[in-house]
Amino acid sequence: MRIGQLLGSGRDADVYELDEAWVLRRYRDGLDATPELPVMSYLSASGYPVPRLGRQPPSAGPGDLVLQRLTGPTMLESMLGGGIDAAEGSALLARLLAELHTVPARLSPDPEDRILHLDLHPDNVMLTADGPVVIDWSNAEEGPPALDRAMSALILAQVAVDPANPAADGGRELLTALMPHLAADGGVPARHLADAAARRDANPTMSPAERDLIGEAAALVTTLSR
């Protein structure tokens with residue numbers, strides 16, 4: 001497997017070019033990508049827009065995933081560049097969450113459980129010529145859809161309340177537009193918002209400054225939920 005140039009980096013993974021059709025996503029800190037394979041395969045078979053999985057070569061490590069190379073901006077890049085506005089962005093995020101939550105759980109015996117992304121925000125949506133594709137399934141679990149809605153709202157709220165973030169105003173506008181969509185799908189109950197906040201606080205990739213914003217962000221979500 002010949003690894004090409006670095007195409008992008010996230011909080012805990014790097015993406016490298018393999019060829020025109022495929023990329024390699026590699027975790028930097030020894031995280032295991034193996035659990036993502038069956039989840040993404042299941043979602044793809046269910047018709048949900050995820051990157052196609054490539055053949056894992058023998059030389060691939062447990063932190064490697066060969067994925068379809070996607071062409072297009074992230075939703076965040078498009079919003080920052082004026083390609084889509086808060087109304088369009090909120091409708092798209094809400095639709096992607098709602099469609100995901102129509103997919104029955106793969107393993108859980110609870111009939112109410114669904115596949116949860118738990119990190120669905122504008123930087124994890126690629127806007128391709130074939131439509132939006134949701135990336136980065138490293139946090140995926142099965143559970144109540146309200147937890148997924150709470151997590152997406154809280155992530156946006158953390159941006160909105162961060163005075164040092166240049167996207168704060170846009171984040172607040174997007175969150176404000178998103179909340180009515182989430183309310184129509186069942187809302188963000190307080191217990192699930194508290195769970196989302198605890199998970200964010202325990203996230204090892206977050207800085208102390210980001211953790212300090214969680215309480216204010218949760219309060220903003222609560223206010224916009226009323």
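The values are calculated or read from the model by the stated rules, or taken from the named source; none is laboratory data. What you see is a predicted model, and the numbers here were worked out from it, not measured in a lab. Because the Cβ atoms are built from the backbone with ideal geometry, glycine has one as well, and the counts that use them run over all protein chains shown. Please note that ligands, DNA and RNA were not included when accessible areas were found on the heavy atoms of the full protein model with its side chains. Shrake-Rupley method; radii C 1.70, N 1.55, O 1.52, S 1.80 Å.
Tabulated results
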{"item": "Per-residue [θ]222 nm for the chain (sum of -39500 (n - 2.57) over DSSP H runs n ≥ 4, rounded to 500)", "result": "-12500 deg cm²/dmol"}
{"item": "Loop-located GluC sites (Glu not before Pro) in the range 98-155, at most 11 other Cβ atoms within 10 Å (DSSP)", "result": "112"}
{"item": "Protein accessible area in the range 1-159, 1.4 Å probe - carbon and sulfur %", "result": "52"}
{"item": "Per-peptide average of other Cβ atoms within 10 Å, ordering 119-127, 9-17, 188-196 highest first", "result": "119-127, 188-196, 9-17"}
{"item": "Enclosed volume per residue, in Å³, of the convex hull spanned by Cα atoms of the range 162-212", "result": "93"}
{"item": "Rg to Rh, two decimals, where the range 126-226 supplies the alpha carbon set and Rh follows Kirkwood", "result": "0.96"}
{"item": "Average Cα contact separation per residue, the range 21-149, under 8 Å, 6 or more apart, as relative contact order %", "result": "26"}
{"item": "Residue (of 129, 223, 71) at the positive-pole extreme of the range 69-226, dipole from beta-carbon charges", "result": "223"}
{"item": "Residue-count net charge about residue 138 - beta-carbon cut-off 10 Å; Lys, Arg +1, Asp, Glu -1", "result": "-3"}
{"item": "Summed side-chain charge close to residue 17 - residues other than residue 17 whose Cβ falls under 13 Å, Lys, Arg +1, Asp, Glu -1", "result": "+1"}
{"item": "Protection-proxy order for peptides 167-179, 43-55, each taking the mean of Cβ atoms within 10 Å per residue, highest first", "result": "167-179, 43-55"}
{"item": "Charge dipole (debye, nearest 20) of the range 106-226; +1 at Cβ of Lys and Arg, -1 at Cβ of Asp and Glu", "result": "260"}
{"item": "Computed E for residue 219/residue 37 - FRET, C-beta separation, R0 45 angstrom, nearest 0.05", "result": "0.75"}
{"item": "Between the range 68-135 and the range 162-226, the alpha-carbon center distance in angstrom", "result": "17"}
{"item": "Average accessible surface area per residue within the chain, 1.4 Å rolling probe, Å²", "result": "49"}
{"item": "Cβ-Cβ FRET estimate between residue 28 and residue 169, R0 fixed at 30 Å, reported to 0.05", "result": "0.40"}
{"item": "Carbon + sulfur, % of accessible area of the range 183-226 - ligands and nucleic acids excluded, 1.4 Å", "result": "55"}
{"item": "Cβ-based charge dipole, the range 15-173, positive-most Cα from 170, 92, 15", "result": "15"}
{"item": "Cα-centred dipole magnitude for the chain, charges only on beta-carbon of K, R (+1) and D, E (-1), debye, nearest 20", "result": "220"}
{"item": "Cα long-axis angle, helix 36-45 against the chain (0 to 90 degrees, to the nearest 10)", "result": "80"}
{"item": "Gain in span if fully extended, residue 139 to residue 11, counting 0.36 nm per residue against the direct Cα distance", "result": "44.8 nm"}
